[in-house]
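This report refers to the structure that appears directly beneath it.
The values are calculated or read from the model by the stated rules, or taken from the named source; none is laboratory data. Since the structure is predicted, the reported quantities are computational estimates derived from the model, not experimental observations. We place every Cβ from the backbone using ideal geometry, glycine too, and count neighbours over all the protein chains shown. We work out accessible area using only protein heavy atoms, side chains counted, and drop any ligands, DNA or RNA first. Shrake-Rupley method; radii C 1.70, N 1.55, O 1.52, S 1.80 Å.
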2 protein chains.
Amino acid sequence: MAVESLPEPWSSVSDRLRRRGLRWTPQRRTVIEVLAGADGHVTGAELVERCRGRDASTIPSTVYRTLDVLEELGLVRHGHDANGREEFHVLPAAEHGHLHCRQCGATWEIGDERATAVAAALRGADGFEVDIGHVTLVGRCADCVARTVATS
Amino acid sequence: MAVESLPEPWSSVSDRLRRRGLRWTPQRRTVIEVLAGADGHVTGAELVERCRGRDASTIPSTVYRTLDVLEELGLVRHGHDANGREEFHVLPAAEHGHLHCRQCGATWEIGDERATAVAAALRGADGFEVDIGHVTLVGRCADCVARTVATS
DNA sequence: CTCGCTATTGCAACGAGTCGCAATAGTCAC
DNA sequence: GTGACTATTGCGACTCGTTGCAATAGCGAG
């Protein structure tokens, strides 16, 4: 799939890069193609793997550096999964968050309203503006809490 | 400093381990000594380094495995810093959380009340019990927000 | 004190990133 | 087109952890 025929905002990435004095390279093209075919969240390692699928000569550091640039363009946003590993949000839209139950291992998303409520609770007195989507919050889901009476 | 002369809960670790069918080893002793001299939060790498200071033959995997065991005893709790790296809370007491400003790089703690408020906001409809202290929340502090009019 | 069971260690290899640096190759100007 | 300027790449080394496995060594029993 040619990058030019991808939907926005992917098709204009090359121009946006050049306008900033940055360059459009085959390696970046590969990353864009992969991102256009992804959605929601993908780990860094997974993105590297998919790039390698399109171009076996892909080097990890190049992918990560490209992702840094794309983050500056607002096309991805990086965060961390429950194990602290790099995780990328493709085309970050509404504010949202991630919950992970350490007992059953399940993961949820929380939507805009709740994410905003949490941000408000956190802003509190000192005005800190949290990016709730950056991390994966860990805890225990209602089912697991109910299932266990006393377990740390 | 002999472990036996350390204050509780450190001095009783050997017994607690044995009672569980686990063992008291020189390597674990080293970790305990280091933990007793630490407070608040320490990264995994830092702990390994300090252990190496007491015993040059310290092996990282042994330290991490010991920390896992101590977490089961409730003596430490692991979490992740702003970069997703392993971070340990020594003698976790009150619920608390961590904030990190991605712009100025400063880090704060939030106390029990606010941490509880956030947990409440998050619990919301589905009853998820978050361990707010597990991760370091990232965002921007009030000063940096004020200082910047328009910066993603 | 000795024995045996098995928890723990040390080691080596691996996974996920990050970083510095020399070589390569986009881009823009002419 | 050609050239020069410099952003980017590829590579190697390194950090932080994790895991499997064979060898070691706690610890309770007798």
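Could you work out the helix-only [θ] at 222 nm for chain A, with each DSSP H run of four or more residues adding -39,500 (n - 2.57) and the total divided by the number of residues, to the nearest 500 deg cm²/dmol?
Taken over chain A, the calculation gives -11500 deg cm²/dmol.
How far apart are the B:S57 label points across copies, placing each 7 Å from Cα toward Cβ, in nm, shortest first?
Ordered by increasing distance: 4.9 nm.
Mind checking the angle between helix B:26-36 and chain B's longest principal axis? C-alpha axes, 0 to 90 degrees, to the nearest 10.
Tilt of helix B:26-36: around 40 degrees.
Relative to the isolated chain, which residues of segment A:122-149 have their accessible area cut by 30 Å² or more in the presence of all protein chains (1.4 Å probe, heavy atoms, no ligands or nucleic acids)?
A:L122, A:D126, A:F128, A:E129, A:D131, A:H134, A:V135, A:L137, A:V138, A:R140, A:A142
What is the calculated FRET efficiency for A:R123 to A:I59, with r their C-beta to C-beta distance and R₀ = 35 Å, to the nearest 0.05?
Given R0 = 35 Å and the Cβ-Cβ separation, E is 0.25.
List, largest first, the extents of the alpha carbons of segment A:3-90 along their principal axes, each in whole Å.
37, 27, 23
Classify segment B:97-147 from the C-alpha gyration tensor, please: rounded if a/c falls under 1.5, else prolate or oblate depending on whether a/b exceeds b/c.
Taking the square roots of the gyration eigenvalues as a ≥ b ≥ c, segment B:97-147 is prolate.
If the label for B:S12 sits 7 angstrom from Cα along the Cα-to-Cβ line, what are its distances to the same label in every other copy, in nm to one decimal, shortest first?
6.6
Compute the long axis of helix B:60-72 from its Cα atoms, compare it with the longest principal axis of the Cα atoms of chain B, and write down the angle in degrees, 0 to 90, nearest 10.
Value to nearest ten degrees: 80.
Can you give me the accessible area per residue for segment A:3-90, using a 1.4 Å probe, in Å²?
The answer is 53 Å² per residue.
For B:E71, place a label point 7 Å out from Cα along the Cα→Cβ vector, do the same in each other copy, and report the separations in nm, one decimal, smallest first.
Here B:E71 shows inter-copy label distances of 2.4 nm.
Could you identify which residue out of B:D15, B:D131, B:D68 has the top mean-square fluctuation in a GNM of chain B using Cα springs shorter than 10 Å?
B:D15
Whenever you get a sec, compute what percent of the accessible area on the protein assembly as shown sits on carbon and sulfur atoms (1.4 Å probe).
Heavy-atom surface of the protein assembly as shown belonging to carbon and sulfur, 1.4 Å probe: 49 percent.
So what's the angle, to the nearest 10 degrees on a 0 to 90 scale, between helix A:44-54 and the longest Cα principal axis of chain A?
For A:44-54 against chain A, the angle is about 30 degrees.
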